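Engineer: For reference, the structure I am asking about is given below.
The values are calculated or read from the model by the stated rules, or taken from the named source; none is laboratory data. Everything quoted here is computed from the prediction, not taken from an experiment. Note that each Cβ is placed from the backbone with ideal geometry, even for glycine, and that neighbours are counted across all protein chains shown. Keep in mind that these areas ignore ligands, DNA and RNA; they rest on the heavy atoms of the full protein, side chains included. Shrake-Rupley method; radii C 1.70, N 1.55, O 1.52, S 1.80 Å.
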Amino acid sequence: MRKLSLAAALLAVTAAVPAFAQDDTIPADAARAPDGTRAFGIEPYVAVLGGWEGFDRNPGHGIPATPIGGNKLDGSLVQGIVGVNVPLGPVFVGVEGNAAKGVSGDIDWEYGAAGRFGFRAGDSGLFYGKVGYQWVNFDRFGNNSRDFHAITYGVGAEVGPKDIGLAGITGNAGVRFRFEVSTFGGADSFRPMAGAVFHF
């Protein structure tokens, strides 16, 4: 009986301490993130990115190897993204879909979806990892070529204007700048991208 009473008292104290700490030590505005968004909720966004992707020449990863001495498959891209973040206090999770058009080089179209997870930092910054699935179509293989597909993964960061010294230009208009590096399949490509994210 004594052990049961002690366990009940310990449970009551454990439950009361976070509530006490929340009431007395967390400021009233802690329910909002530094960029003005809620600490918990849903944050939809759209993004426009530009960059480049180069694929290796190794056979067996779902993309035909280029002939010896031939140029590897690569090209410049413009990408549109639609997604949603779910802020969870100091961290966040999210999902996004993308479509990219090749503007030079061998890539015709890319499209896919990915999940993101990471940490919130600074005034409106995000540091994240992402994992998803991507389809790629190449101009080099003709108009009726099939789409090649594989898992894609990467890392990136987003910063708001105040985080990089541009306070006052957009205020709380909801603009962040994204920098990201990802790869296709088993590290079979290198894909740096950068652009603007507009969140609501």
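Engineer: What is the residue count in region 70-122 for residues that are outside any strand (DSSP E or B), out of contact with any Gly (no Cβ under 8 Å at 6 or more places or on another chain) and within 23 Å of VAL136 (Cα to Cα)?
Structural biologist: Filtering region 70-122 down to residues outside any strand (DSSP E or B) leaves 70-73, 89-90, 106, 122.
Then drop every residue that is not out of contact with any Gly (no Cβ under 8 Å at 6 or more places or on another chain), which leaves 70-71, 89-90.
Add one more test, that the residue is within 23 Å of VAL136 (Cα to Cα), and what stays is 70-71.
Total meeting the criteria: 2.
Engineer: Taking region 121-139, which residues are open to solvent by 50 Å² or more (accessible area, probe 1.4 Å) and touching a Phe, Trp or Tyr at 6+ places or on another chain (Cβ under 6 Å)?
Structural biologist: Just the residues of region 121-139 that are open to solvent by 50 Å² or more (accessible area, probe 1.4 Å), to begin with: 122, 127, 131, 133, 135, 139.
Hits for region 121-139 are PHE127, VAL131, TRP135.
Engineer: Next question. Examine region 182-195 for a residue that is open to solvent by 20 Å² or more (accessible area, probe 1.4 Å), among the β-branched types (Val, Ile, Thr) and either assigned to a loop (DSSP other than H, G, I, E, B) or free of Cβ contacts under 8 Å to residues at least 40 places away in the same chain (or both), and state whether such a residue exists.
Structural biologist: For region 182-195, residues open to solvent by 20 Å² or more (accessible area, probe 1.4 Å), among the β-branched types (Val, Ile, Thr) and either assigned to a loop (DSSP other than H, G, I, E, B) or free of Cβ contacts under 8 Å to residues at least 40 places away in the same chain (or both): absent.
Engineer: Restricting to region 87-112, name every residue that is more than 17 Å from PRO192 (Cα to Cα) and of a type in the set (A, V, I, L, M, F, W, C).
Structural biologist: Selection gives LEU88, VAL91, PHE92, VAL93, VAL95.
Engineer: Report yes if VAL86 is open to solvent by 30 Å² or more (accessible area, probe 1.4 Å), of a type outside the set (Gly, Ala, Ser), within 19 Å of GLY174 (Cβ to Cβ) and modelled with pLDDT of 70 or more, otherwise no. First the steps, then the outcome.
Structural biologist: Details: open to solvent by 30 Å² or more (accessible area, probe 1.4 Å): yes; of a type outside the set (Gly, Ala, Ser): yes; within 19 Å of GLY174 (Cβ to Cβ): yes; modelled with pLDDT of 70 or more: yes.
Here the answer is yes, as VAL86 does meet what is asked.
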